[in-house]
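Only one structure is covered here, and it is reproduced in the block below.
Rule-based calculations on the coordinates, nothing more; no lab input. Model, not experiment: these values are computed from the prediction. When we count neighbours, we look across all protein chains shown, and the Cβ atoms used for this are built from the backbone with ideal geometry, even at glycine.
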Amino acid sequence: MFENKRIGVIGAGVMGQAMINGLLHSGQIQFTQVWASVKSESSQLKLSEGSVYPVYTDFSDEIAKTDIFLVCTKPRYVSSVLDVLKASGNLKPGCLIISIAAGITIARMKEHLGSDVALIRAMPNTPCKINEGITVISPAPGVSAEHKAIANSIFSSVGKALELDETHLDAVTAVSGSGPAYIFLIMEALADGAVRVGLPRDVALQLVSQTVLGSAKMLQLAGKHPASLKDDVTTPAGSTIAALLTMEDGKIRSVLARAVEEATRTARGLGNS
Ligand SMILES: NC(=O)c1ccc[n+]([C@@H]2O[C@H](COP(=O)([O-])OP(=O)(O)OC[C@H]3O[C@@H](n4cnc5c(N)ncnc54)[C@H](OP(=O)(O)O)[C@@H]3O)[C@@H](O)[C@H]2O)c1
């Protein structure tokens, strides 16, 4: 799939590095097939120290030799990056540009690049760093099956990948893109509760993290609704129902659901900032 292809990761921060590492460790590409870029010389120095691939602050010499660009800068820098690519006049015919920036639409990317470049928007999450991510891929209309397969292969190297229409991407950003932060907050709160009732912090975190991991696996494997799995833990007059009703008193369901709604609204506006 990546034979004779060169990949440029523009914005090799948390997510960009996760993508490069996933591709290299999966064996799909050799280190000679990838380059990375960052904004500051300090980041360039830091990343270069531990990298087998080149790291640039100015990637203009690489544009003509690159088949796949992965744009992983913060959303506010995407326009200027796309302008650099377009203004170079050196984009290879048939090259693919994938952006993972929240809120930056395909229409917005086209404003900078024109309509003859293959564009894909994607939304991964930080568990990609340990190959347990989930990424939703939204190709622009007319993107070839080969380009879709390339995007699928890139994001499958760091977890699961699925394709959805772009109209869903702000919601995806709010659910799985931001989702790890919600889960970490919930895990921290559960661990605080455990500490309050006398467990050591390290034991509390071990109990909570394995419980979340096991519950997530059960949900994926059991093919049952979460309410049914929850009911399996809940015995009459027991401690679980006591805890659940306390959570319901705090409106935990609507707080979490409304948080996703609010994050979706915010994600939609990110492209305008
Ligand atoms: N983090 C998440 O949970 C997550 C999840 C899904 C999607 N995303 C999306 O992923 C993108 C990156 O997020 P992140 O958390 O990985 O950010 P990050 O760690 O801050 O990394 C951004 C990188 O972009 C570089 N950069 C900035 N301007 C540049 C330019 N003009 N040319 C080349 N490189 C440039 C920065 O370089 P310096 O280090 O020199 O500043 C930095 O290395 C965002 O658009 C975000 O919406 C993030």
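In this structure, the residue pairs whose Cα-Cα separation is over 28 Å, taken from Lys39/Lys86; Lys74/Lys160; Lys74/Lys230; Lys5/Lys217; Lys74/Lys217; Lys230/Lys251, are Lys74/Lys230; Lys5/Lys217; Lys74/Lys217. Using the Cβ-Cβ distance between Ile186 and Ala149 with R0 = 41 Å, the FRET efficiency computed as 1/(1 + (r/R0)^6) comes to roughly 0.70. Potential lengthening of the chain between Leu219 and Val52 amounts to 56.2 nm, from the contour at 0.36 nm per residue minus the alpha-carbon distance. In this rough spin-label picture, where each label sits 7 Å from Cα along the Cβ direction, the Lys110-Asp231 distance is 4.8 nm.
Positive end of the dipole of the chain (Cβ unit charges, origin at the Cα centre): among Ser43, Leu190, Thr135, the Cα lying farthest that way belongs to Leu190. Distance between the modelled labels on Ser239 and Lys65, one decimal in nanometres: 6.2 nm (7 Å Cα→Cβ projection).
Each Lys and Arg adds +1 at its Cβ and each Asp and Glu adds -1 at its Cβ; summed about the Cα centre, the chain shows a dipole of about 120 debye. Between Arg196 and Ser209, the modelled labels are 2.3 nm apart [label points 7 Å from Cα along Cα→Cβ]. Is the shape of segment 7-172 best called rounded, prolate or oblate, per the rule: a/c under 1.5 gives rounded, else a/b larger than b/c gives prolate, else oblate, with a ≥ b ≥ c the square roots of the Cα gyration tensor eigenvalues? It comes out rounded by the Cα gyration axes. The residues neighbouring Met109, those whose beta-carbon lies less than 12 Å from its own, together hold a net charge of +1 under the Lys/Arg +1, Asp/Glu -1 convention.
Helices in the chain, meaning DSSP H runs of at least 4 residues, each add -39500 (n - 2.57). Divided by all residues, the mean residue ellipticity at 222 nm is -15500 deg cm²/dmol.
Extension gain, His25-Arg265: 0.36 nm per intervening residue step, less the Cα-Cα distance, totals 82.8 nm.
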